[in-house]
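J.: One structure, as structure tokens, below. Some questions next.
The values are calculated or read from the model by the stated rules, or taken from the named source; none is laboratory data. On a predicted model such as this, the values are computed, not experimentally measured, just so you know. Glycine gets a Cβ as well: all are built from the backbone with ideal geometry, and neighbour counts include every protein chain shown.
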Amino acid sequence: MLRLYDTYTRELREFRPLKPPEVGLYTCGPTVYDYAHIGNLRTYIMEDILVRVLRFNGYKVKRVMNITDVGHLVSDADTGEDKMEKGARRTGKSAWEIAEFYTEVFKEDLRRLNIIEPDIWCRATDHIPEQIEVIKRIEEKGYTYRTSDGIYFDTSRLSDYGYIARLDVEGLQAGARVDMAEKRNDTDFALWKFSPPDQKRQMEWDSPWGKGFPGWHIECSAMSAKYLGPFFDIHCGGEDHIPVHHPNEIAQTQACYGTRLANFWMHYYFLQLDEAKMSKSAGDFLRMQTFLDRGYDPLAYRFFCLSAHYRSKLNFTGEGLDGAATALNRLRLAAYEWGAPGTLDEGYMDKFAEQINDDLNMPRALAVTWDLVKSDLPPATKKATLVEFDKILGLRLADWKPTEESAPDDVVALVEQRQLARKEKRWKDADTLRDQILAAGYEVKDTPQGPKVERRKASV
Ligand code: AMP
Ligand code: ZN
């Protein structure tokens with residue numbers, strides 16, 4: 001039995017698909033005005049664990065991820081500049097170009113982290129007519145009003161607006177003042193924004209209400225309904241989506257189709273840097289390239305994320321990442337040395353399954369993994385069991401080899417030359433080559449199985 005924590009009901013609930021064996025899963029995707037930071041990547045890694053656990057339970061997952069390439073304003077309160085247009089100004093490229101560029105880098109980040117690619121990618125700008133249709137429906141049902149800068153959703157029309165966040169709507173309303181502009185309620189939000197009269201936007205479209213662009217939330221209601229229907233199994237996102245984005249998605253879908261969008265709502269807690277919130281808009285941030293530049297395997301970061309439950313915040317430190325890299329290498333080496341897989345051990349498999357099915361408890365699943373490593377089972381059994389665990393862990397343990405493979409060709413060539421020099425007892429040459437390997441950022445270790453090459457570590 002798989003149990004998942006549902007933010008909507010604030011309960012651990014048994015998961016059953018609405019239409020077994022299919023599972024419809026919508027995961028709020030990136031806003032592509034900049035690189036993803038490692039906090040964003042934590043959320044995507046943990047969502048990948050969810051996908052793998054669902055598959056493990058025999059379900060056929062249809063995962064949809066949106067790409068926000070328009071409408072996400074600098075403030076979640078629908079004020080300020082569009083992040084895309086701002087990104088365009090910062091880089092001197094067009095909003096379309098930067099969306100394309102950061103989307104590709106994002107997909108590459110996911111590949112490096114061994115994240116299974118979503119079945120459907122959908123870009124907000126490819127779904128403008130669908131979004132206009134949903135807004136029209138919300139309007140027909142009487143939930144909208146017009147201000148001088150757009151069409152807004154009147155949240156006071158829903159008796160349970162903000163339920164998912166247990167929002168105190170009346171309290172918010174009483175405290176609201178200055179930046180309400182023409183909004184009727186503090187929690188009202190834009191469905192469609194008009195292009196400013198004095199400015200030509202790079203991204204704008206005609207609509208029944210005037211030239212402009214969709215609000216940030218409407219894309220998720222429109223695209224999830226298109227690909228998964230108006231009520232599907234699971235909707236995911238980071239914890240920051242609990243108070244604003246997800247209540248608004250639910251309000252739109254409720255007004256339009258009368259459903260609360262998804263049967264389960266799952267939220268992933270933030271990665272923090274020295275206890276501070278990490279955010280792209282704060283400028284300086286760690287991203288995938290930071291790891292690569294410093295010689296870390298991206299999967300060490302994946303391992304690091306598995307060490308904490310998705311419903312607790314995780315503090316990022318260089319020592320933490322070093323620890324994860326070392327542990328990952330221990331696991332890889334053990335798996336390699338066990339040789340070919342035999343038959344898996346059902347007892348360990350059950351223990352592992354129990355943990356992953358208990359609201360994706362990866363720290364405890366890792367503990368079972370270490371118990372397996374330390375057990376006195378035959379190596380072939382351990383290997384087969386670990387390979388099965390790795391279908392969830394996603395650490396590419398099955399085919400890892402501790403040799404030159406992890407080093408680039410020029411380093412491998414140096415290692416081979418050094419081997420030859422040693423064989424021919426040209427010790428000075430061998431030492432020189434060793435220094436060259438070090439200078440290239442690698443370290444060669446002589447083991448009974450032959451030379452092993454590892455990246456030298458620098459701290460983050
Ligand atoms: P964004 O690109 O800002 O729209 O965010 C993409 C995803 O990353 C969303 O699901 C966010 O909730 C999530 N997210 C943002 N910051 C963090 C963080 N520090 N840790 C974990 N997830 C985050
Ligand atoms: Zn969303």
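J.: Condition check: surrounded by fewer than 15 Cβ atoms within 10 Å (Cβ to Cβ), of a type in the set (Lys, Arg) and either touching a strand residue (DSSP E or B) at 6+ places or on another chain (Cβ under 9 Å) or at pLDDT below 95 (or both). Does residue 330 satisfy that?
T.: Values: surrounded by fewer than 15 Cβ atoms within 10 Å (Cβ to Cβ): yes; of a type in the set (Lys, Arg): yes; either touching a strand residue (DSSP E or B) at 6+ places or on another chain (Cβ under 9 Å) or at pLDDT below 95 (or both): yes.
Taking the combined requirement at face value, the residue satisfies it.
J.: Turning to a different aspect of this structure: Being farther than 20 Å from residue 233 by Cβ and aliphatic (A, V, I, L, M) is the filter; apply it to the stretch 252-280 and report the residue that is modelled with the highest pLDDT.
T.: The initial filter retains those residues of the stretch 252-280 that are farther than 20 Å from residue 233 by Cβ, namely 255, 269-280.
Filter once more, keeping what is aliphatic (A, V, I, L, M): 255, 271, 273, 276, 278.
Values: 255: 97, 271: 94, 273: 85, 276: 62, 278: 61.
Ranking the qualifying residues of the stretch 252-280, first place goes to 255.
J.: Restricting attention to the stretch 54-94, which residues are touching a Pro at 6+ places or on another chain (Cβ under 6 Å) and among the hydroxyl-bearing types (Ser, Thr, Tyr)?
T.: 59
J.: Would you check which residues across the stretch 209-240 are among the acidic types (Asp, Glu) and surrounded by fewer than 20 Cβ atoms within 10 Å (Cβ to Cβ) and list them?
T.: 239, 240
J.: Out of all the residues in the stretch 65-81, which are away from ligand 1 (no atom under 13 Å from the Cβ) and crowded, with 22+ Cβ neighbours inside 10 Å?
T.: Listed by number, the list holds a single entry, 78.
J.: Only one of (1) within 16 Å of ligand 2 (Cβ to nearest atom); (2) within 15 Å of the chain's Cα centre (by Cα); (3) assigned to a helix (DSSP H, G or I) is not met by residue 126, so which one is it?
T.: (2)
J.: Using beta carbons and a limit of 8 Å, which pairs, at least six apart or on different chains, have the first residue in the stretch 428-452 and at negative phi and the second one outside any strand (DSSP E or B) and among the aromatic types (Phe, Trp, Tyr)?
T.: No pair meets every condition.
J.: Looking at the stretch 62-76, I want the residues that are at negative phi and have a partner that is surrounded by fewer than 21 Cβ atoms within 10 Å (Cβ to Cβ) and of a type in the set (Lys, Arg) with Cβ atoms under 6 Å, at least 6 apart or on another chain. Which pairs are those?
T.: Correct list of pairs: 67/123; 69/123.
J.: Could you tell me whether residue 381 is in contact with a Gly (Cβ under 7 Å, 6 or more places away or on another chain), of a type in the set (S, T, N, Q) and over 24 Å from residue 45 (Cα atoms)?
T.: On the way: in contact with a Gly (Cβ under 7 Å, 6 or more places away or on another chain): yes; of a type in the set (S, T, N, Q): yes; over 24 Å from residue 45 (Cα atoms): yes.
Answer is yes for this residue.
J.: Turning to a different aspect of this structure: Would you pick out the residues in the stretch 9-33 that are assigned to a loop (DSSP other than H, G, I, E, B) and either surrounded by 21 or more Cβ atoms within 10 Å (Cβ to Cβ) or within 14 Å of ligand 2 (Cβ to nearest atom) (or both)?
T.: Keep residues of the stretch 9-33 that are assigned to a loop (DSSP other than H, G, I, E, B), which gives 9-10, 15-18, 20-21, 28-30, 32-33.
Listed by number, the residues that qualify are 15, 28, 29, 30, 32, 33.
J.: Are any residues in the stretch 83-120 more than 20 Å from residue 37 (Cβ to Cβ) and either in contact (Cβ under 8 Å) with a residue 40 or more places away in the chain or in a helix (DSSP H, G or I) (or both), and if so, which ones?
T.: 85, 89, 94, 95, 96, 97, 116, 119, 120
J.: Filter the stretch 177-194 for residues that are surrounded by fewer than 14 Cβ atoms within 10 Å (Cβ to Cβ) and in a loop (DSSP other than H, G, I, E, B) and give the result.
T.: Pass one, the stretch 177-194, residues surrounded by fewer than 14 Cβ atoms within 10 Å (Cβ to Cβ): 177-182.
177, 181, 182 - these are the residues of the stretch 177-194 that are surrounded by fewer than 14 Cβ atoms within 10 Å (Cβ to Cβ) and in a loop (DSSP other than H, G, I, E, B).
J.: Quick one: would you say residue 198 is of a type in the set (Asp, Glu) and either at pLDDT 95 or above or within 16 Å of ligand 1 (Cβ to nearest atom) (or both)? Outline the logic, then answer.
T.: Numbers: of a type in the set (Asp, Glu): yes; either at pLDDT 95 or above or within 16 Å of ligand 1 (Cβ to nearest atom) (or both): no.
Considered against the rule, which asks whether it is of a type in the set (Asp, Glu) and either at pLDDT 95 or above or within 16 Å of ligand 1 (Cβ to nearest atom) (or both), residue 198 comes out as no.
J.: Could you tell me how many of the residues in the stretch 195-249 are away from ligand 2 (no atom under 16 Å from the Cβ) and either in contact with a Pro (Cβ under 7 Å, 6 or more places away or on another chain) or assigned to a strand (DSSP E or B) (or both)?
T.: Summing the residues that are away from ligand 2 (no atom under 16 Å from the Cβ) and either in contact with a Pro (Cβ under 7 Å, 6 or more places away or on another chain) or assigned to a strand (DSSP E or B) (or both) in the stretch 195-249 gives 3.
J.: Given the condition in contact (Cβ under 8 Å) with a residue 24 or more places away in the chain, charged (D, E, K, R) and either more than 10 Å from ligand 1 (Cβ to nearest atom) or touching a strand residue (DSSP E or B) at 6+ places or on another chain (Cβ under 6 Å) (or both), answer yes or no: does some residue in the stretch 22-39 qualify? Write out each step before concluding.
T.: Of the stretch 22-39, the ones in contact (Cβ under 8 Å) with a residue 24 or more places away in the chain are 22-39.
Remaining after also requiring charged (D, E, K, R): 22, 34.
The next check asks that each one be either more than 10 Å from ligand 1 (Cβ to nearest atom) or touching a strand residue (DSSP E or B) at 6+ places or on another chain (Cβ under 6 Å) (or both); those that pass are 22.
Yes, the conditions are met somewhere in the stretch 22-39.
J.: Still on this structure, please answer the following. Is there a residue being of a type outside the set (A, V, I, L, M, F, W, C) and either touching a Lys or Arg at 6+ places or on another chain (Cβ under 9 Å) or crowded, with 16+ Cβ neighbours inside 10 Å (or both) anywhere in the stretch 404-412? Give the steps one after another, and end with the answer.
T.: First, pick out the residues of the stretch 404-412 that are of a type outside the set (A, V, I, L, M, F, W, C): 404-406, 408-410.
So of that shortlist, the ones also either touching a Lys or Arg at 6+ places or on another chain (Cβ under 9 Å) or crowded, with 16+ Cβ neighbours inside 10 Å (or both) come out as 404, 406.
Yes; the residues of the stretch 404-412 include at least one that is of a type outside the set (A, V, I, L, M, F, W, C) and either touching a Lys or Arg at 6+ places or on another chain (Cβ under 9 Å) or crowded, with 16+ Cβ neighbours inside 10 Å (or both).
J.: If you don't mind, there's one more thing I want to ask. Hey, does the stretch 320-339 have a residue that's within 22 Å of residue 116 (Cβ to Cβ) and assigned to a loop (DSSP other than H, G, I, E, B)?
T.: Within the stretch 320-339, the subset within 22 Å of residue 116 (Cβ to Cβ) is 324, 328, 331-332, 335.
Now restrict to residues that are assigned to a loop (DSSP other than H, G, I, E, B): none.
No, the conditions are met nowhere in the stretch 320-339.
J.: Restricting attention to the stretch 354-387, report how many residues are under 20 Å from residue 303 (Cβ atoms), assigned to a helix (DSSP H, G or I) and touching a Phe, Trp or Tyr at 6+ places or on another chain (Cβ under 8 Å).
T.: Of the residues in that region, 11 qualify.
J.: If I ask for residues that are closer than 27 Å to residue 88 by Cα and of a type in the set (Phe, Trp, Tyr), which ones from the stretch 201-253 would you list?
T.: 205, 209, 213, 216
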